[in-house]
């Protein structure tokens, strides 16, 4: 299931002016592809993720998520597509303090209407995939920063999305842990056939992704092939 943005324009009112956040942006990410978007603050990276996540409707252009045209879809349709086909890894994990790592994931399946038994099995499988077996019953304050981010990633995959959108996953981590998180994302993208887009300022990890795009003044630059980086041990 792929992600396609075609000729997308996003504008915001600013007093008597109109600001262009996305200027005729085109982006296609196929299953199994890991794309990073880099650029300065205010360049439009967050707006790109918001449009791809169906959280904002563009002024014009097409947004297709897993075969669903959502550019002009109703709020109900966008919510359904987001719930069923998109996983979002936020910059800060924002894990409820009272929930264990296992429960952080189970609650996502509960919201999607899945059975408790199915949800628990899926949650354990994902926690194992991000090397958190044995820490299912730890609460956020008992986990390291890298471990909390791995719970955040596992939570985003709970409902088996085809598209994974990742916002600055290494911003609160040191270089080593940041590299390990991006390496983990690369492996999950490959193993699960995800169409992954990561917005980042962390240029040191770009050797671990497949494609790099540069954003400036709302415009997305041409992709440069990036060689695979060295394998990293998970945090």
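Computed from the coordinates by the stated procedures, all read-outs in this text should not be read as laboratory data. Keep in mind that this is a model prediction, so the values were computed, not measured. Here Cβ is always computed from backbone atoms with ideal geometry, including for glycine, and neighbour counts include all displayed protein chains.
Peptide packing for 55-64, 75-84 was compared via the average number of neighbouring C-beta atoms within 10 Å per residue; ordered from the highest value, the list is 55-64, 75-84. Summed over qualifying helices (DSSP H, 4 residues or more, each -39500 (n - 2.57)) and divided by its residue number, the chain shows a 222 nm mean residue ellipticity of -10000 deg cm²/dmol.
Rounded to the nearest 10 degrees, the angle from helix 116-129 to the longest Cα principal axis of the chain is 80 degrees. FRET efficiency for the residue 131 to residue 9 pair, using the beta carbon distance and R₀ = 45 Å, is estimated at 0.60. Can you classify segment 160-215 as rounded, prolate or oblate using the Cα gyration tensor, where a ≥ b ≥ c are the square roots of its eigenvalues, rounded means a/c under 1.5, and otherwise it's prolate if a/b beats b/c and oblate if not? In terms of gyration-tensor shape, prolate.
The overall shape of segment 42-105 is oblate: from the C-alpha gyration tensor, with semi-axes ordered a ≥ b ≥ c, the ratio a/c is 1.5 or greater and a/b is no larger than b/c. Given a Förster radius of 25 Å and the C-beta distance between residue 30 and residue 142 as r, what FRET efficiency does 1/(1 + (r/R0)^6) yield to the nearest 0.05? Efficiency computed from Cβ-Cβ geometry: 0.05.
Principal-axis analysis of the Cα atoms of the chain puts helix 101-111 at an angle of about 60° to the longest axis. Calculated on the Cα set of segment 86-151, radius of gyration then Dmax: 11.2, 31 Å.
For segment 1-157, the alpha carbon convex hull comes to 146 Å³ per residue, rounded to a whole number. Using only the Cα atoms of segment 1-57, build the gyration tensor, take square roots of its eigenvalues as a ≥ b ≥ c, and label the shape rounded, prolate or oblate: rounded if a/c is under 1.5, else prolate if a/b is larger than b/c, else oblate. Prolate, since a/c reaches 1.5 and a/b exceeds b/c.
Most simply put, the chain has about 55% antiparallel DSSP beta bridges, counting only bridges with both residues inside it. Packing-based ranking of 16-23, 149-156 yields 149-156, 16-23, ordered from highest to lowest mean Cβ neighbour count within 10 Å.
Once the Cα atoms are used to define both axes, helix 145-156 deviates from the longest principal axis of the chain by about 70 degrees.
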